[in-house]
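Each reported figure results from applying straightforward, stated rules to the coordinates on display, with no laboratory input. What you are looking at is a predicted structure, and each value in this text was computed from that prediction instead of being measured. Please note: Cβ atoms are built from the backbone with ideal geometry, for glycine as well, and neighbour counts cover all protein chains shown.
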Amino acid sequence: MSVLVIKFGTASITRPDGALNEAVIADIARQVAELHRSYRIVLVSSGAVGAGKSLIQGYRGEIAQRKAAAAVGNLLLLNVYNHYFSRYDIPVAQALCERHHFADRRQFLQLKETVEELWKNGIIPIANENDVVSDRELKFSDNDELATLMAVGFGASTLMLCTSVGGLLNPQGQIIPSVGRVDESVFGLVRNEKSALGLGGMASKLTFAKLATRMGIQVTIFGLNQPDGILRALKGETGTAFTPQLGTPRARHRWLGSGSLAAGCLKVDAGAVAALGRRNSLLAVGVRAVEGEFEAGEVVEICDESGSAVAVARARLSSGAIGEVIGKPNIEIANANDIVLW
């Protein structure tokens, strides 16, 4: 069965005060239960901080308070999902994820094996960022990104991102039904409004729609403000559909292809860019500078001399070791099999 990843933001499943909107979650369960027969599904759900903040005295949105609210809210959120999915005899499981689960290949494969075991047993995983122990400030976290990493890593056919506005809007406020390629003109349509409860916005969704479509994944931005919003959006009847690009990478390249996993950047000359285009390995002779600190085996961006990303790759040497061999011939920095061109 195909893999389907559906992401719900805070504003989609909560009331204005942050309390969970159980009527909406009940309707999500009803529609997802219908899709459960045809897809392997991952739900990515925000809302934990909003659900838990009322229990934190004097809540002001400070980082420690947000983490505490998430600790309480994750339990509340999953209990509500479990209650409504149980009506359809569908068990759910919680998957709290952190960046290292994707940045490290072995940990990612363990995550993938766990999710596949859940699927084998008819269980739907509900993923969220592990805000309680995340070492980044939560304002930089974004479940659009987590959903995209899940979709890319698990080889999803479709990624659905829910938004309160129902899709990408044109200047007249109408939903654009389809987008062939996410470029500057598409980003130019973004309005500045976003939910006071959520952390993402349309610009975030477009950023990750661009990444996912590059990986050959169909992306749909949709809303729940109409009957059967999920089911109809999946059929292309509502929302905005983003066309996947041709040349879908293999599974390993899907995982490598997420620029958000890059630990650093290698600036290379025009000759190296041309060699990469011919599917050759990256050699030290073509490297001009190293940015960031990373270990051998980590994912890095490869940029041309103007700073534009042309590829991502798994580095064979650490940043320090590469710095010592810049410009030297016959030293391989990244093998062609570990390079994904943009």
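Points worth noting:
- Bridging of LYS67 to lysines at a Cα separation below 18 Å is possible for LYS53, LYS139, once same-chain residues fewer than 8 apart are set aside.
- Mean residue ellipticity (222 nm) of the chain, computed from DSSP H runs ≥ 4 via -39,500 (n - 2.57), nearest 500: -10000 deg cm²/dmol
- Straight-line cross-link reach from LYS120 at under 16 Å between alpha-carbon atoms covers these aspartates and glutamates, not counting any fewer than eight positions away in the same chain: ASP89.
- Selected from GLY236, GLY58, GLY166 as most flexible by GNM, with the chain as the system and alpha-carbon contacts under 10 Å: GLY58
- Three-way shape label, the range 262-341, alpha-carbon gyration tensor, a/c 1.5: rounded
- The trypsin sites (Lys or Arg not before Pro) of the range 146-246 that meet both conditions, a loop assignment by DSSP and at most 16 other Cβ atoms within 10 Å of the site Cβ, are ARG181, ARG191, LYS235.
- Along the chain, the longest continuous region that contains none of the GluC sites (Glu not before Pro) in a DSSP loop with at most 15 other C-beta atoms within 10 Å is 63-136.
- Relative contact order of the chain, pairs being alpha-carbon contacts under 8 Å that are 6 or more residues apart, as %: 15
- Trypsin sites (Lys or Arg not before Pro) within the range 242-342: DSSP coil, no more than 12 neighbouring Cβ in 10 Å: ARG250, ARG278, ARG279
- Charge context of GLY297, other residues only, Cβ under 12 angstrom, K/R +1, D/E -1: 0
- Per-residue 3J(HN,Hα) values for the range 202-213, derived from phi via the Karplus relation 6.51 cos²θ - 1.76 cosθ + 1.60 with θ = phi - 60°, read 5, 4, 4, 4, 5, 4, 7, 5, 4, 5, 5, 5 Hz in sequence order (x marks Gly and Pro).
- Rg/Rh for the range 206-251 stands at 1.06; both radii use Cα atoms, and Rh follows the Kirkwood definition.
- Cross-link partners of LYS267 among lysines (Cα-Cα below 17 Å; sequence separation of 8 or more within a chain): LYS328
- Long-range HN-HN contacts of SER178 with modeled amide H, under 5 Å: ALA241
- Of the three principal axes defined by the Cα atoms of the range 1-155, the extents in descending order read 47, 37, 19 Å.
- Ratio of the Cα radius of gyration of the chain to 2.2 N^0.38 Å, where N counts its residues: 1.03
- Remark: the range 1-74 projects, on average over all directions, an area of 5.3 nm² (convex hull of Cα atoms).
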